Amino acid sequence: MPQARPAHRSGLSTSERATKLASTDLLFPRGCWTEEGVPVDLPALKANMSELNKEVVDLVWGRPSGGGVSASIFRRWTQGFVFSENEHTALEQFEGGPCAVIAPVQAFLLKNILFNRDSSNWRQMSAEEQKTALCSTLSEILESACSSPSTGFCLVTWAKGQSPHTSTHTNTQAPSQTQDMPEPESSQPPQEQQPTALAAEELGFERFHSVLHKRTVVSVSDLREEVLSLYHTWRGCCGVLLFLYSVILTKGIENIRNEIQDTMEPLIDPVHGHGSQSLVNLLVTGHAVSNVWDGDRECSGMKLHGIHKQASVGFLTLMESLRYCKVGTFLKSPKFPIWILGSETHLSVFFTKEMSLVGPESPSEQARRVFQSFDPEDNGFIPETLLEDVMKALDLVSEPEYVSLVKSKLDPESLGIILLGPFLLEFFPDQLSN
């Protein structure tokens, strides 16, 4: 597993520390506590924000018709990245919703544990190994999301002294407290107990957004160092949301909006609390596209964005069996045999160590993918007028005379269409498989 460089902070002066962090800004202004069960008034919250920060809330939570996000929906998202006590490499989820973030992190975490770590027993990890693996994984996802390394990486954390108190899981609910936390540089845990998933029960939507800081680091090495130093922040209350906001600001709000198909659809559904496909794709591929097919497609003059290269971990969905969508080979055949599986209500992760199940794309698989990119409705054929474009995209001989010869062979009845099967059989007879 790639080792995150440990943080050595002793001896750094204030000015030296300032060169490490390009900026440290209050992300949202301080607000008031919300009462449990009362929807948060988003317009009132955003009225005091800068234009940038209003865009963050709009992008993540949208603009609910009722004017606010339910306190119960927000509470579901206030957990951290918590390792299971029984399965040391598994992250736990306590309520519905945050699987859209936890499942991708779990998939990359398993990739690093199974394939980048020297250990005969992948199911056993020490607390220090868990720390290193999780922080390496979070850094990897942030690096993938960064559109331009020259702009740096954003980390959203608690303002100093505003981190909510954490406690262990018990049957009784402890009231929320706010206490001074050590500076991130010290990386000292507030306590050694497992952080609760829903610590700080009274921490509402408005209060949460009022006590956040944004810091920007300018290099990959500084990013890994900072993420490691914030390990107990990621594990504690709202660690999942803090990481999500870090990914969004690292990617850039405008970049995300340019990739999302429907800019009115929030990353988190404010009614049901589940994450969108764009959110899952952002964490898995670094791009917040709304579709799971390969490449871009044209539909009624509109360009619909898909996945453009083989992903490190894959994605499958039960919705494909119902023909609601079609997952492309870039997600079906990832670099590592780890897949996120989407059902009607949840995201799960399954995996194997058998690398023979995945591999580089074969020429026939590439041909199938390219052919299907010209067949957006998945009819299994293309107009014969597009044959030359397909052949050019595959770097096949595409001289007009040869294209005409191929057309007459693949469309002997002059129906004006080219079927996928005969096309693959013509150019890749030895690789074609059922």
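The values are calculated or read from the model by the stated rules, or taken from the named source; none is laboratory data. Predicted model only: the values in this text are computed from it and were never measured. A quick note on method: Cβ atoms are made from the backbone with ideal geometry, for glycine too, and the neighbour counts reach across all protein chains shown. Heads up: the accessible areas ignore ligands, DNA and RNA and are worked out on the full protein's heavy atoms, side chains in. Shrake-Rupley method; radii C 1.70, N 1.55, O 1.52, S 1.80 Å.
Any chance you could check the Cα centroid distance between segment 327-383 and segment 105-166 for me, in angstrom?
Each part reduced to its Cα centre gives a spacing of 26 Å.
Remind me, relative contact order of segment 195-319 in percent, using alpha carbon pairs under 8 angstrom and six or more residues apart?
Reported relative contact order: 15 percent.
Using label points projected 7 Å from each Cα along Cα→Cβ, tell me how many nm separate Met264 and Ser84, to one decimal.
4.1
So who's got an amide H within less than 5 Å of the one on Val349, skipping anything under 5 residues away but keeping other chains? H placed 1.01 Å off N, in plane.
Leu341
Just check segment 309-370 against the gyration tensor rule for me: Cα atoms, a ≥ b ≥ c as the square roots of the eigenvalues, rounded for a/c under 1.5, and otherwise prolate or oblate depending on whether a/b exceeds b/c.
Oblate, since a/c reaches 1.5 and b/c is not below a/b.
Could you tell me whether segment 336-400 comes out rounded, prolate or oblate from its Cα gyration tensor? Rule is a ≥ b ≥ c as square roots of the eigenvalues, rounded for a/c under 1.5, then prolate if a/b exceeds b/c, otherwise oblate.
Oblate is the answer for segment 336-400, as a/c is 1.5 or above yet b/c matches or exceeds a/b.
From the Cα gyration tensor of segment 308-434, with a ≥ b ≥ c the square roots of its eigenvalues, which class applies: rounded if a/c is under 1.5, or else prolate if a/b is larger than b/c, or else oblate?
Cα axes put segment 308-434 in the prolate bin.
Which residues in segment 278-308 place their backbone N less than 20 Å from a point set 7 Å from the Cα of Leu316 along the Cα-to-Cβ direction?
280-281, 284-285, 291-294, 307
How large is the accessible surface per residue of segment 287-434, computed with a 1.4 Å probe and reported in Å² as a whole number?
57
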